[in-house]
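The values are calculated or read from the model by the stated rules, or taken from the named source; none is laboratory data. Small disclaimer: the values here were computed from a predicted structure and weren't measured. Cβ: placed from backbone, ideal geometry, glycine included. Neighbour counts: every protein chain shown. Just so you know, the surface numbers come from the protein's heavy atoms only, side chains and all, with ligands and any DNA or RNA stripped out. Shrake-Rupley method; radii C 1.70, N 1.55, O 1.52, S 1.80 Å.
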Amino acid sequence: MKVGTRGSSLATVQTKSIIYALSKITHEKIDIEIIKTTGDKIQDSQLYNIDAKGIFTRELDNAVLQGDVDFAVHSLKDLPTELEGDLEIVAIPQRESSNEVLVSEYEWDELPSGAIVGTSSIRREAFCNFHKKDFSIKTIRGNIDTRIKKVLSGDYDATIMAEAGLKRLGLNEHIKKRFSIEYFTPAAGQGAIAVVARHDSDKRNILENLNHLPSFQEVTAEKRVLQELGVGCQWPLGVSANIKENKLKLCAVLLTKEGKVLSRVKVEGSADEASKLGLKAAKLMMEDYI
């Protein structure tokens, strides 16, 4: 088998974790194909200022469609709500934390007015504004290690990142603060890995063994909210679902870039109705701002 992945340290670690899991299921050799995406080449722009749909996934998915690789490994939050052609998410392994964290020499409440905070996410910028933080928001790009170095070198006073990435890379010591889901609601799918293959792949039966049902149900609900609202990274939307004892609780927050809350909803129900719960949340949100 051959797997396609981006070349960042996080993408490599995530892909190797998938290969390790597959090694317990099959003795088939798995080779890694590093594929550079459009998003990897753009280093000087806020993502919400460009057409960001699929910029971290398109080239990988094309390789799957063309048969150059058997499957691709993605950070799920990078995936468009609708996949191209014959592609399908065939597995989502057990999800890592979806929380946001602060990387800084400062405590969150000690960051001064005008502090330079690096982010390329309109959602993170909006939440900073919602919490009345008078920061100077600057674009920060590059892989996780690079962004951390930019903070430690003093180029930025702080940055906000997904906890999952730091944990997977063993960089927990750089976490200054872990935000609660309610305080800083993450992007849909944050912390989850997606295994993407063709519908008709002869490797599908093997790959499906990697699926963790509760994680799959959580992100199904979250992505349904995105799909129904028709928004992507150009909108300040936080969505988070959590399953305990087959009960799913979902919270979603839609803000303006300036930090005004347009809609905040919470729904809950059976995890088996994950998609319906995501639809319900989206409809409630549309009633608030349409």
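Mean projected area of the Cα convex hull of the chain, taken over all directions, amounts to 14.6 nm².
Beyond 21 Å, what percent of the Cα pairs of the range 118-265 remain? Walk me through the numbers before you get to the answer.
Working: 5717 of 10878 pairs.
More than 21 Å apart: 53 percent of the Cα pairs in the range 118-265.
Taking amide H positions as modeled 1.01 Å from N, with prolines and chain starts lacking one, the residues under 5 Å from residue 35 and 5 or more places away or on another chain are 5, 6, 7. Summing Cβ point charges (Lys, Arg +1; Asp, Glu -1) relative to the Cα centre of the chain gives a dipole of roughly 400 debye. Residues whose amide H lies under 5 Å from that of residue 263, counting only those 5 or more places away or on a different chain, are 254; hydrogens are built 1.01 Å from N in the peptide plane.
Once the Cα-Cα distance is subtracted from the 0.36 nm per residue extended length, the residue 213 to residue 284 segment shows a gain of 23.0 nm. Sorting the segments 91-99, 140-148, 220-228, 191-199 by their residues' average number of neighbouring beta-carbon atoms within 10 angstrom, most packed first, yields 220-228, 191-199, 91-99, 140-148.
Taking the C-alpha atoms only, the angle from helix 9-23 to the longest principal axis of the chain is near 30 degrees.
For the chain, what does the relative contact order come out to in percent, with C-alpha contacts under 8 Å and a separation of six or more? Computed over the chain, the figure is 22 percent. Distances between every pair of Cα atoms in the range 221-290, grouped in 10 Å steps from 0 to the bin holding the largest one, split as 22, 55, 20, 3 percent. Normalising the average separation of contacting C-alpha pairs (under 8 angstrom, six or more residues apart) by the number of residues puts the relative contact order of the range 187-267 at 24 percent. Taking all Cα pairs closer than 8 Å and separated by 6 or more residues, the relative contact order of the range 62-193 comes to 42 percent.
Counting only heavy atoms of the protein chains, get the accessible area per residue of the range 179-290 (1.4 Å probe) and round it to a whole Å² value. Walk me through the numbers on the way to the answer.
Details: 5150 Å² over 112 residues.
Roughly 46 Å² per residue, with all protein chains present.
Packing here is the average count of other Cβ atoms within 10 Å per residue, and on that basis the peptides 247-256, 8-17, highest first, run 247-256, 8-17.
In order along the range 253-268, the phi-based Karplus estimate (6.51 cos²θ - 1.76 cosθ + 1.60, θ = phi - 60°) of 3J(HN,Hα) comes to 9, 10, 10, 8, 4, 7, x, 7, 7, 8, 7, 9, 10, 9, 9, 8 Hz; Gly and Pro are listed as x. For residue 24, a cut-off of 12 angstrom between C-alpha atoms picks up no aspartates and glutamates at all, skipping any fewer than 8 places away in its own chain. Once both axes come from the Cα atoms, what is the angle between helix 274-289 and the longest principal axis of the chain, in degrees from 0 to 90, rounded to 10? That works out to roughly 30 degrees. A Förster distance of 41 Å, applied to the separation of the beta-carbon atoms of residue 138 and residue 28, puts the FRET efficiency at 0.35. Here the Debye sum runs over all C-alpha atoms of the range 124-172 as equal scatterers in vacuum, and log10 of I(q)/I(0) at q = 0.28 Å⁻¹ comes out as -1.13. Across the range 195-208, rounded Karplus estimates of 3J(HN,Hα) from the backbone phi angles (6.51 cos²θ - 1.76 cosθ + 1.60, θ = phi - 60°) give 9, 10, 9, 6, 3, 9, 5, 7, 9, 4, 4, 6, 5, 4 Hz, Gly and Pro being marked x. Pairs exceeding a 29 Å alpha-carbon distance, out of 16/223; 29/247; 132/266; 203/247: 29/247; 203/247. Between 0 and 90 degrees, the angle of helix 213-229 with respect to the longest Cα principal axis of the chain falls at about 60 degrees.
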